[in-house]
Amino acid sequence: MSNIHKISILSYRLLLLGICSLLLMSGCGFNGNIRFGDHDSPDLIVYNAPPTIEHFSLGDTERAHGEIVSWHADLDDAEGESAHRIGHCNGTMQVTLENQGPEDDREHRMTMIELDWDDSPDSLLISGSHPYKSGNLETDTVIFRAIIGGTGKFRGARGEMTSEKLPSGWYRHKIWLVD
């Protein structure tokens, strides 16, 4: 092995060591506490009624890269007839990866969701990517998404939200916030 090659490997290792040291010392800019392992106890559970869904087609195929699916629904404190509306649930999904041939029946969508509580400045902003069966506007699998912000009592919120379609057509959203 040449001396130049040995020096470049050593330089690379020192650079990685320096970066790792800086990240450990800085905490990666994170100043909160993450709760690991308590995934059975969400901080909040909300529901949305069956949504009104619109598909904005680019026209040349059934689905195409960049197409948008938009939806909105009431945000409720429970499912079904006992539910009380507490706000609005709005979202958009953009197709980011079409199916990749006859064996692939999925398309990936990038999603943005806002949960907006009535009569308050409180809201949560959620984002994530998830595969959907090609041609279907909804999915029957649980979706995990990141909470990337909020307003009011949720200002600066971070965490995770799972969304699950229920047999009734309603959705249950379980929310875990980072302390």
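Quick notes
- Of everything in segment 110-121 that is surrounded by fewer than 16 Cβ atoms within 10 Å (Cβ to Cβ) and part of a strand (DSSP E or B), the residue that is modelled with the highest pLDDT is Met112.
- Test result for Gly150, part of a loop (DSSP other than H, G, I, E, B) and over 21 Å from Thr96 (Cβ atoms): no
- Single unsatisfied condition, Leu124 versus (1) touching a helix residue (DSSP H, G or I) at 6+ places or on another chain (Cβ under 8 Å); (2) modelled with pLDDT of 95 or more; (3) not in a strand (DSSP E or B): (3)
One line per residue, one yes/no per condition, for (1) in contact with an Asp or Glu (Cβ under 7 Å, 6 or more places away or on another chain); (2) at pLDDT 85 or above:
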residue: Pro50; (1), (2): no, yes
residue: Ala73; (1), (2): no, yes
residue: Glu98; (1), (2): yes, no
residue: Gly101; (1), (2): no, no
residue: Asp105; (1), (2): no, no
residue: Ser134; (1), (2): yes, no
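- Contact map, segment 64-89: first residue assigned by TED's automatic domain parsing to the domain that holds Trp117 and within 26 Å of Met110 (Cβ to Cβ), second residue of a type in the set (Phe, Trp, Tyr) and part of a loop (DSSP other than H, G, I, E, B), Cβ cut-off under 9 Å, separation 6 or more or different chains; pairs are Ala73/Trp170; Asp76/Trp170.
- Candidates Glu164, Glu107, Glu138 - the one that is touching a strand residue (DSSP E or B) at 6+ places or on another chain (Cβ under 9 Å) and surrounded by 19 or more Cβ atoms within 10 Å (Cβ to Cβ): Glu107
The values are calculated or read from the model by the stated rules, or taken from the named source; none is laboratory data. Owing to the predicted nature of the structure, the values given are computational and were not obtained by experimental measurement. Please note: Cβ atoms are built from the backbone with ideal geometry, for glycine as well, and neighbour counts cover all protein chains shown.
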